[in-house]
Amino acid sequence: MDEQFAEVMTGFPLLQGFTAQGAQRLLERGEVRVCSAGEVLFKEGDPPDFAVLVLRGKVAVFIAREGEDMILTEVGPGAIIGELAVLCGIARAASVRAAADATVLQWNAAVFRNMLVRHALLSERIFKESLRTLVEKERALIASLVRLSHADAKPSD
């Protein structure tokens, strides 16, 4: 089964240019985990013990507020999640669960950091993707604040 995933991984933009053997080495450094729909991979506030690469299916990133789950995003094959918490050494900012049956590759924090040191191109791609995501979130937050500011500034009838 790992060989099948190694071949699939070479098609992920994050791993473009990796051979099946290179992807196999990444697989060997982690643990392939099969998740049922609804299964929680980690919770907001958890320690940053591992990072995850989605191999199959979809996972939802969410926060729970006032008894409601707010879905921040859903991601599928090729997406890496949990990397910022691992890299920064901070607690998880959101929870993640399988939105549908999913298979993920889970690397413990030390292995993940070591892979980034050993694979400059992979490191660059992960950092670019993480920073792009942060900038998008910042823009969305600013847009929300502007909308709220304009709503508060409207005179009431």
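Here are the numbers for the structure shown:
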quantity: Count - residues of segment 71-121 that are under 24 Å from A6 (Cα atoms) and either touching a Phe, Trp or Tyr at 6+ places or on another chain (Cβ under 8 Å) or among the hydroxyl-bearing types (S, T, Y) (or both); calculated: 15
quantity: Segment 87-109, subset open to solvent by less than 60 Å² (accessible area, probe 1.4 Å) and charged (D, E, K, R), residue farthest from E74 (Cα to Cα); calculated: R92
quantity: Meets criteria (surrounded by fewer than 18 Cβ atoms within 10 Å (Cβ to Cβ), among the aliphatic types (A, V, I, L, M) and under 18 Å from L72 (Cα atoms)) for V54; calculated: no
quantity: Test: residue in segment 85-104 that is at pLDDT below 90, under 18 Å from the mean Cα position of the chain (by Cα) and among the polar types (S, T, N, Q); calculated: no
quantity: Selection from segment 21-47 of residues that are in a helix (DSSP H, G or I) and exposed (fewer than 13 other Cβ atoms within 10 Å of the Cβ); calculated: Q21, E28
quantity: Members of segment 110-130 found to be open to solvent by less than 100 Å² (accessible area, probe 1.4 Å) and more than 23 Å from G57 (Cβ to Cβ), listed by number; calculated: A110, N114, L116, H119, A120, L121, S123, E124, F127
quantity: Failed item in (1) under 22 Å from G17 (Cα atoms); (2) in a loop (DSSP other than H, G, I, E, B), with L55 passing the rest; calculated: (2)
quantity: Filter result (open to solvent by 30 Å² or more (accessible area, probe 1.4 Å) and within 19 Å of I81 (Cβ to Cβ)) within segment 3-15; calculated: V8, G11, P13
quantity: Residues of segment 103-157 satisfying the condition of being under 21 Å from T10 (Cβ atoms), hydroxyl-bearing (S, T, Y) and without any contact (Cβ under 8 Å) to a residue 40 or more places away in the chain; calculated: S123
quantity: Close pairs (6 angstrom Cβ cut-off, 6 or more residues apart or separate chains): under 18 Å from L105 (Cβ atoms) and in contact (Cβ under 8 Å) with a residue 40 or more places away in the chain in segment 34-52, among the β-branched types (V, I, T) and assigned to a strand (DSSP E or B) anywhere; calculated: V34/T103; L41/V96; F42/V96; V52/I81; V52/V104
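The values are calculated or read from the model by the stated rules, or taken from the named source; none is laboratory data. As the structure is a prediction and not an experimental result, all values here were calculated from the model. In this analysis, Cβ positions are derived from the backbone assuming ideal geometry, glycine residues included, and neighbour counts consider all displayed protein chains. SASA here: full protein model, heavy atoms, side chains in, ligands and nucleic acids out. Shrake-Rupley method; radii C 1.70, N 1.55, O 1.52, S 1.80 Å.
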